[in-house]
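Peer 1: First the structure, which I've put down as structure tokens, then a few questions once you've had a look.
Just so it is clear, none of the values below were taken in a lab; they were calculated from the coordinates. As the structure is a computational prediction, the values presented were derived from the model and not from experiment. Every residue, glycine among them, receives a Cβ derived from its backbone with ideal geometry; neighbour counts consider all protein chains shown.
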Amino acid sequence: MGAEVELKLATSRSGLRKALALPWLRKMAGQGVSNQDLTSVYFDTDDRTLRAHGVSLRVRKNGERRLQTIKAVSDLPLARSEWETEIDRDRPKLELAASTALAPLLTDEIRQQLKPVFETRVERVVMPLQFGDSEIELALDRGRVGTADSSVDIAEIEIELKQGERHDAARLARRLAQSVPVTFGPRAKSELGYALLDRALDAPVFARPVMIAPASTAADAFIIIGYACLRHLASNEAAVRSGDPEGVHQMRVGLRRLQTVLSLFKNMLPGADTERVKRELRWLTRQLGPARDYDVFLSGTVKPHLVHHPDTGVFEALAHHLERERDGAFARARAAMDNERFRRLLLDCVLWLLDGEWRNSDDPLLRALRERPARAFAQEELGRRMRKVVKRVRKLKRLDARRRHKLRIAVKKVRYGREFFASLDPDRRGRKLDRALKNLQSALGELNDMRVHASWARDLARANGATRRAFAAGYLTGREEVRADEVLSQALAAGKRLRKAA
């Protein structure tokens, strides 16, 4: 068994050609360049038992060689547990899976149900490099992932650290990015295969539970959590491109979660590169925000009203206007996915997590903060934030809209933080607290939506004397205002349960 240390970069076929033509890269690889034709067949059950447990099983054919590989998904960006064994046939030898992540799953029933589910066919160029003080293997892959009835092309570069420092792997990625259009590739070939099986290649991707080992330091936890959030964000690119409202929402959730990570760990994240990452995350938030806001207003307020009042023309006019605004906002979100700034953001984020100033600083205080046990850090930071939330909740009825909005953000950060560190606290007596946080966040979120919609109504009333649309918007936001007291009561009730649970 070994800890596979690799960084996956997504590119295009032309990008692969540019990389292969780089003089400095060819010179560094020397005579060690090799070409491989690889066919890998992945095995699972009909109900995807292996995927559900974060395990993959494949048999790879390279010429006459057969290599059985078992991998366990990790929340570390450069590490996955991997077990490889050379075998003499095209089907797995399950008797060789003892002491691997697959072993606990291999009941007699599972053994009988395992079958080929998809394959990858890849033309790979392998370059062994001595880069800095490290031995690195660079693999340039061109090929496809396919099921019985569908396929998707792939073009990617993998940087595998064989021996040495992660700093060198990050430096190599940065140097490649100066000449080749690359970005962070969040989805493994096996994930693409499963997405094809499920006919969900462009479907929204949801956040996965974060797993932190009990002995982790604060720095370990930051990398694991930050990578999980970045992966959630980046994996929704295809859904945003397809115009899926839930895809936009999930990318925004990934953004908010990543921004929460920066807030929770801010004391150990100094440096200009941290500020640059924050700035770019705010830019992406602005590109996505209007699409989600317009969609919520249309689907949650305007269209339900039209169902019950189909003969009211002014509301239809408002709906058509908002649909045009929403369509424009979704076009803006899709355009952001094609922006070089987005590609650079993803790459900068993953390299910052791996090799940012925060990690390399020799400042004694920062080193102590990085080396602190993750469990102790979580208890102190989340406890401090929870006390501040409870204090504000006591004054909830007296808070104006702006301060309620700030409270909602504080509640969301505590809730996300508790999700991030849940694996370090297996005692689930905090479920009441988690439900209270969720209910309070939901109620405060609805109040904030009403505030945004009221602002839109005021803007419409000032726009070119469009009185019919302004009337309709005012009517609907007025209906929301009537509900505001009810929702505020829900928030107060959730706040009371939160205080009791805390």
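Peer 1: How big is D for the stretch 327-387, in µm² s⁻¹ as a whole number, if Stokes-Einstein is applied with the Kirkwood radius of its Cα pairs at 25 °C and 0.890 mPa s?
Peer 2: 163 µm²/s
Peer 1: Taking Lys391 as the anchor, which lysines have their alpha carbon closer than 29 Å to its alpha carbon, excluding any fewer than eight residues away along the same chain?
Peer 2: Straight-line reach from Lys391, under 29 Å: Lys266, Lys278, Lys406, Lys412, Lys413, Lys432, Lys438, Lys496, Lys500.
Peer 1: Apply 1/(1 + (r/R0)^6) to the Cβ-Cβ distance of Leu306 and Asp198, taking R0 = 35 Å, and write down the FRET efficiency to the nearest 0.05.
Peer 2: Plugging the Cβ-Cβ distance into 1/(1 + (r/R0)^6) gives 0.55.
Peer 1: Of Arg343, Arg398, Arg187, how do they rank once you tally other Cβ atoms within 10 Å and put the fewest first?
Peer 2: Arg398, Arg343, Arg187
Peer 1: Trypsin sites (Lys or Arg not before Pro), restricted to the stretch 75-173: which are DSSP loop and have at most 15 other Cβ atoms within 10 Å?
Peer 2: Arg89, Lys93
Peer 1: What angle, in degrees between 0 and 90 and rounded to the nearest 10, separates the Cα long axis of helix 218-234 from the longest principal axis of the Cα atoms of the chain?
Peer 2: 80 degrees
Peer 1: Using 0.36 nm times the number of residues separating Arg279 and Arg451, minus their current alpha carbon distance, what extension gain do you get?
Peer 2: Details: separation 172, 0.36 × 172 = 61.92 nm, distance 2.56 nm.
Fully extending the segment from Arg279 to Arg451 adds 59.4 nm.
Peer 1: Using a Förster radius of 30 Å, what is the FRET efficiency between Asp133 and Lys93 based on their Cβ-Cβ separation? Nearest 0.05, please.
Peer 2: 0.20
Peer 1: Additional query: If the chain between Lys388 and Ala52 were fully stretched, how many nm would it gain, using 0.36 nm times the residue separation less the Cα-Cα distance?
Peer 2: Values: separation 336, 0.36 × 336 = 120.96 nm, distance 3.79 nm.
That pair, Lys388 and Ala52, stretches by 117.2 nm at full extension.
Peer 1: Here is a follow-up. Given the Cα-Cα distance of Val152 and Thr39 and 0.36 nm per residue of separation, how much length would full extension add, in nm? Working shown, then result.
Peer 2: Values: separation 113, 0.36 × 113 = 40.68 nm, distance 1.48 nm.
Working it through step by step, the gained length comes to 39.2 nm.
Peer 1: Taking the Cα of Ala493, stepping 7 Å toward and past its beta carbon, and measuring to each backbone N in the stretch 444-458: which are under 15 Å?
Peer 2: 444
Peer 1: Hey, what do the phi angles of the stretch 300-309 turn into as Karplus ³J(HN,Hα) couplings, whole Hz, using 6.51/-1.76/1.60 and θ = phi - 60°, x for Gly and Pro?
Peer 2: x, 10, 6, 5, x, 5, 5, 4, 8, 9
Peer 1: Sticking with this structure for a sec: What size of dipole, in debye to the nearest 20, comes out for the chain about its Cα centre when the only charges are +1 on Lys and Arg C-beta atoms and -1 on Asp and Glu C-beta atoms?
Peer 2: Working: 94 positive and 68 negative charges, 577 e Å.
Once rounded to the nearest 20, the dipole reads 2780 debye.
Peer 1: Which angle from 0 to 90°, rounded to the nearest 10, does the C-alpha axis of helix 431-462 make with the longest principal axis of the chain?
Peer 2: 60 degrees
Peer 1: Further, regarding this structure: Where does helix 245-264 land angle-wise versus the long Cα axis of the chain, in degrees 0 to 90, nearest 10?
Peer 2: Approximately 80 degrees, to the nearest 10.
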